2 protein chains.
Amino acid sequence: MSATVTLNRFTDFMAGPARFMTLLSCFELGLIDALRQRGSQTAVQLGDAADVRPAAVEQLLLLLVKEGFVAHDETTGEYTLDALAEVPEADLRRVLLLMDMIKVTMLRQVFYLTDSVRTGTVVGLEKLYGFQGGTLYDAVAEHPDLRASWATLMDNVTAHIDPWFFDNIDIPPGARVLDVAGNTGLGAILTHKLKGSPGLHVTTFDLPEKEAEALENFRSHGLERQCSFVGGDVFTGLPAGHDVVLIKHFLDMWDKDAVRAILQGVSRSLEVGGQVHILVPVYPESVRDSTAVDIDFFPAFFLGCTMGQGGPQRSSTYRALLEECGFTVTRTVAQDPARLLPGTFVVHGILSATKHA
Amino acid sequence: MSATVTLNRFTDFMAGPARFMTLLSCFELGLIDALRQRGSQTAVQLGDAADVRPAAVEQLLLLLVKEGFVAHDETTGEYTLDALAEVPEADLRRVLLLMDMIKVTMLRQVFYLTDSVRTGTVVGLEKLYGFQGGTLYDAVAEHPDLRASWATLMDNVTAHIDPWFFDNIDIPPGARVLDVAGNTGLGAILTHKLKGSPGLHVTTFDLPEKEAEALENFRSHGLERQCSFVGGDVFTGLPAGHDVVLIKHFLDMWDKDAVRAILQGVSRSLEVGGQVHILVPVYPESVRDSTAVDIDFFPAFFLGCTMGQGGPQRSSTYRALLEECGFTVTRTVAQDPARLLPGTFVVHGILSATKHA
């Protein structure tokens, strides 16, 4: 790669924040809705519809014309939806939720990425919200704007991904299952819903403060006898007596050493023959020249915006860690990047493993 | 364009803020310097050098490996500069200044783009700095972080662009020149330095508070008799009695209606035959499928980060406005985008025009 090609790539990166927000702002201002509902419109008409000066409408829509999302007729001055006319509204709504999540939980916070990496804390939460020493997952409890943006997106993701996970794992009838970092019980309820069998019992393990809400969720689903809650800290000890351990949406939050510690704890809690099933985003095995957007997204997200540490690994890295911790990996599955929902980019993997003697 | 192609393009936009800051953070943390100075290094060695956890080094460098900027040897675990080894340090320094300017003046501010567009003010300056009702150009006077980042960059740009401007315009010997929005006199001094002639006199026109510093600059260059300062507001009236008017780095700050008002004022201040020379960034004439990064950058920069209005126009738009205001355009020049300094993306244009009867 010549120096000029490299520096032109830097230039493309420099445009990233402006490009992201200009596109989102065209939606936030209602310009795209106005074009969808009213057909061709001049900048003056769009300005009237969105209560924005026509000069600003012209500036913002330049990018969308350049990209072919919107067409502009030079003679009439009218804008019309172009490629955006072909995008189903449901897809667009899903993508806009993701963009809003990135705006609210990342756009300003990444300014503090370097400090966050140095300190291992989310400096942006302190600077922007006065929220000290905690993670994004703590901060959503106190800050409705973070919570709204984050939870809406996560509910959407979980609804798509968890059924795929349960489709790809085997839970023996009547098994005693432990859902590690199971939050307020959704995973336990889903396990019964999707893998139910006579005698199946699922224990949600998470921080003690989740217990009341988890028990209430179990009750409201009529599962109070088939589910239970154990409070604790995943780094100090997991309850024994389970046949199957689930670890969903969790390992990517931690540095590799912490992942190893978690898997060691899981291993100690299981008898020989016990199984673990992991659901986690995975990086592609070959990074160089990959088209995976996860690589662009997750380091800044975990290090700068949510945890001050963490980030996904490659499937082969998780496999090696499992093997270090006394497991034989029996199955790995990864989503086909080409078959993700349009406009999403997180490639999830599943690793299933059995504790050996 | 299919809906999937469109939404994948959205995905690329979503990665923009993270991608920008991850790259910059690798420089800020000193990871790239360490690789340049010490050759191949493992994540542990880089972590020691930069006082960063090796796990975070691995996460951040994934993007640079993906892009081919840095190479990673899977067997030794060592990182080495790849494409970045070919980039001259002076180019890299220039590009890092630009990235720092984008980080400090834009990255967080664009969060408020929609509100800024609606109100015509820079909402980010109020939210982030408690700075109300002013522009970035006002805010730099009070906030050293904004000033350092902004001024360093602008000095760099001016040093490259203004000589090109003066090379491409004609200033008759002994002319009386007015430098509109001439700030603290740098343009007047450059005019003498690059276009000096016996009897040449340049008047800097800007807000009255610039006068003292401008006069001091004239004195320190020994030009106190060949330069003068007139304080005023470009929208309420320009001083008459000049042969040539210069408008550099200014028209792009204003909405099109304001540009028209400025040019009407210039026209009123000139006799028939008087000339105006404009230096301004220009968008490409054909926007659709253009590769110009200006289009991605400037709307968010002016609307959301500096003025709450403005943005460049195409050269043909400036030409039409000049003609509306009683001028005949005699020459237009634009930088060749393919010949910009590597890693820069602003394409400047020059328009020269003569007031007709």
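Before moving on, here are some points about what is shown:
- Count of region B:265-293 residues, restricted to those that are touching a Lys or Arg at 6+ places or on another chain (Cβ under 7 Å) and of a type in the set (Lys, Arg), is 1.
- The number of residues in region A:29-68 being surrounded by fewer than 21 Cβ atoms within 10 Å (Cβ to Cβ) and either touching a residue at least 40 places away in the same chain (Cβ under 8 Å) or of a type in the set (Asp, Glu) (or both) comes to 6.
- Set A:Thr22, A:Thr76: member being of a type in the set (S, T, N, Q), out of contact with any Lys or Arg (no Cβ under 6 Å at 6 or more places or on another chain) and facing chain B (nearest Cβ under 9 Å): A:Thr22
- Enumeration of residues in region B:235-257 that are at pLDDT 95 or above, over 21 Å from the mean Cα position of the chain (by Cα) and not in a strand (DSSP E or B): B:Phe235, B:Leu238, B:Pro239, B:Ala240, B:Gly241, B:Asp257
- Set B:Leu322, B:Leu340: member being within 14 Å of another protein chain (Cβ to nearest Cβ) and of a type outside the set (S, T, N, Q): B:Leu340
- None of B:Ala139, B:Ala148 is away from chain A (no Cβ under 14 Å), among the small types (Gly, Ala, Ser) and surrounded by 16 or more Cβ atoms within 10 Å (Cβ to Cβ) except B:Ala139.
- Under the condition of being charged (D, E, K, R) and either more than 23 Å from A:Ala258 (Cα to Cα) or in a loop (DSSP other than H, G, I, E, B) (or both), the residues counted in region B:39-72 number 4.
- Taking the criterion of being under 19 Å from B:Asp255 (Cα atoms), of a type outside the set (A, V, I, L, M, F, W, C) and at the interface with chain B (Cβ under 10 Å from one of its Cβ atoms), the residues of region A:47-73 that qualify are A:Asp51, A:Arg53, A:Pro54, A:Glu58, A:Gln59.
- Top-ranked residue in region B:100-136 [being of a type in the set (A, V, I, L, M, F, W, C) and more than 10 Å from every other protein chain (Cβ to nearest Cβ); ranked as surrounded by the fewest Cβ atoms within 10 Å (Cβ to Cβ)]: B:Phe131
The values are calculated or read from the model by the stated rules, or taken from the named source; none is laboratory data. Values in this document were obtained by computation on a predicted structure and should not be read as measured data. Cβ coordinates were reconstructed from backbone atoms using ideal geometry, including for glycine residues, and neighbour counts include every protein chain displayed.
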